[in-house]
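Taken together, the values in this text are just the output of simple stated rules run on the coordinates, not laboratory data. What you see is a predicted model; the values in this text were computed from it and never measured. All Cβ positions, even for glycine, are placed from backbone atoms using ideal geometry, and neighbour counts span all protein chains on display.
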Amino acid sequence: MLKRANFKPSRNTLENFGIATAANGTPEQPQIPDRLCVKCPGCGKMLFTIDVQKNDNVCPECSYHFKMPARKRLLSLCDEQSFTEWDSTLYSKDFLSFPGYKVKLKSSRLNSRENEAVISGYGKISGSPCALFAMDGRFMMGSMGCVVGEKITRVFERATQQHLPVVGFTLSGGARMQEGTLSLMQMAKTSGAVKRHSDAGLLYITILTNPTTGGVTASFAMEGDILLAEPGALIAFAGPRVIEQTIRQKLPKGFQSAEFLLEKGFLDDIVARKDMRHTLSHLLKLHEKEA
Amino acid sequence: MEAYKKLQLARKSNRPTGLDYINHILTDFFEMHGDRRFADDSAIVAGIGRLCGQPITVIAQEKGHTMKERTYRNFGSAHPEGYRKALRQMKLAEKFGRPVLCIVDTAGAYCGTGAEERGQGEAIAENLSEMMTLQVPILSLFIGEGGSGGALGLAVANEVWMMENAVYSVISPEGCASILWKDPHKVREASDSLHICPEDLKLLGVVERILPENDWEQLWQDLPLLLHQKLVELSNLSGSELSESRYRRFRKMGVYGE
């Protein structure tokens, strides 16, 4: 479990500002951001929000990767008009009457304009068909409750049925404690579905994005055949603050970064957002069986 | 405040630990060490023994009783090598057709630099997916604390049983209180809200059976028979049936609207 307190609230409107889309997937009128400028956490420069947005939420100066709203990510990755969303109507219930959960769900829905912390569906990347999912940090820090677990499980079950590879972008603070032990069970449930997909000889590519932690790291995020990460992403089981509290020491800079994991042998590669589409299409094509 | 009391009971250092259970319910126990990758994790005790005469594989998280023991056992919090050691034993059990008994008692998987460097998340994730398709019966018994992913890493089982005063939680109530309410003193409220007690978990379908703790002498007599009976019953199923029933068990877990 990772603590929410490990993540700073987004310092700018950018991370909360995606391409707003209506339910049918067509872009709405772009909104005017609350602030015209953002300060890049990477290089400290002041940037025009619009410049960063045009650059796939990446700092044009230092290539710092801002968070990417899930829907914007999938729509910009998939071939035009090829993305069909699955299970968009699933919604979370406060079945334990956990203090404050109802309010949090409501504000997350308003804030993200999404039903839950993961979006899934079918799409094509440069012509290669695949099942996709992407997690959204604006919805309760991408935490995994029953709906996230169910949607991920269904992605793998459908992909197994339809013989599709799965491409998944992970981003999560961990299991959603407001759903108690049942949220923990989602780790086992999703892992089972991934295993069945894998045993059917199908490809699963995970892209770990900033931050991927806790119960998501300890389940479907780390179970990909190919593990990629975005530059600078924090990837951890226990977050830095929890470790610092446990060992009572400051952690070295870059501990648990994507670069650190690559060095320790837990990633296949680090891929910048601008190269993601090309890399994924390349990997998917290499795994396509000749008809 | 029932849940908080239970949590305190579950953590008591004079409760029987994993090794106590092994000594009481198994005969001819032979311990096996190491994950063949990095090290031997003393927080997890694993090996083979006889349960009512039948050889089984047992994997137990061990907390220890005295301070010295507890330090040596890292308070029952395993590193990645502990989970890999457990998986190695499960694979051996599969090869030789032995049922697996996992005894769970941990505050959680260890949160330290070494654990992160060696892939704590990856080690647990691998256990979850490999256990799901293991071709022999798996039974998990929670004897004290069942802390988050560290407990689940030994609990992707055909059935999960809990002692009356054991708990199973997605996060420690202290952690929950300090994250959500920025107040570690609200641990009682958090314990209640998280629904960590066996009775609640049985209603949610997370646990199959609750074992009473009122008479330990009686328990040490009955427990081997109960476990043996269940494992024999499960052994009548084929490998793929076992794997399928395990998948179905977890597949139905979740409450949501559609």
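Annotations for the structure displayed:
- Averaged over the residues of peptide A:137-150, the number of Cβ atoms from other protein chains lying within 10 Å of each residue's Cβ is 2.
- Rounded to the nearest 20 debye, the dipole magnitude of segment B:138-258 is 500 debye, with +1 charges on Lys and Arg beta carbons, -1 on Asp and Glu beta carbons, and the Cα centre as origin.
- The trypsin sites (Lys or Arg not before Pro) of segment A:245-282 that DSSP puts in a loop, and whose beta carbon has at most 11 other beta carbons within 10 Å, are A:Arg248, A:Lys250, A:Lys253.
- Positive-end residue of A:Leu90, A:Val38, A:Ser257, charge dipole of chain A with Cβ unit charges: A:Val38
- Rounded Å value of the spacing that divides the Cα centres of segment B:45-76 and segment B:99-152: 14
- Loop-resident sites, segment B:211-258, for trypsin sites (Lys or Arg not before Pro), counting at most 13 other Cβ within 10 Å (DSSP): B:Lys252
- Pairs of Cα atoms nearer than 8 Å and 6+ residues apart set the relative contact order; for chain B it is 18 percent.
- Among B:176-189, A:176-189, the order from most to least packed when residues are scored by Cβ within 10 Å on average: A:176-189, B:176-189
- Beta-bridge orientation, chain A: approximately 50 percent antiparallel, per DSSP, counting only bridges with both partners inside.
- Sequence-separation-based contact order of segment A:185-291, relative, with Cα cut under 8 Å and 6+ spacing, percent: 23
- Dipole of the protein assembly as shown, positive end: most advanced residue of A:Met222, A:Pro165, A:Phe237 [Cβ charges, Cα centre]: A:Phe237
- Fraction of beta bridges assigned by DSSP in the protein assembly as shown that are antiparallel (%, nearest 5): 45
- Residues with amide H under 5 Å from that of A:Lys93, placed H, sequence gap 5 or more: B:Gly257
- Over segment A:67-286, relative contact order from alpha-carbon pairs under 8 Å, at least 6 apart, %: 16
- The packing ranking of peptides A:235-243, B:140-148, B:106-114, highest mean first, is B:140-148, A:235-243, B:106-114, where packing means the average number of other beta carbon atoms within 10 angstrom of each residue.
- Antiparallel beta bridges, as assigned by DSSP with both residues in chain B, represent about 35 percent of the total such bridges.
- Averaged over the residues of A:171-182, the number of partner chain Cβ atoms lying within 10 Å of the residue Cβ comes to 6.
- Shielding by partners for peptide B:124-136, expressed as the average number of C-beta atoms from other protein chains within 10 Å of each residue's C-beta, is 6.
- Which listed pairs, of A:Lys264/A:Lys285; A:Lys124/A:Lys274; B:Lys5/B:Lys186; A:Lys104/B:Lys252; A:Lys67/A:Lys93, have C-alpha distances above 19 Å, in listed order: A:Lys264/A:Lys285; A:Lys104/B:Lys252; A:Lys67/A:Lys93
- Under a model in which nothing but the beta-carbon of Lys, Arg (+1) and Asp, Glu (-1) is charged, the protein assembly as shown shows a dipole of about 1220 debye around its Cα centre.
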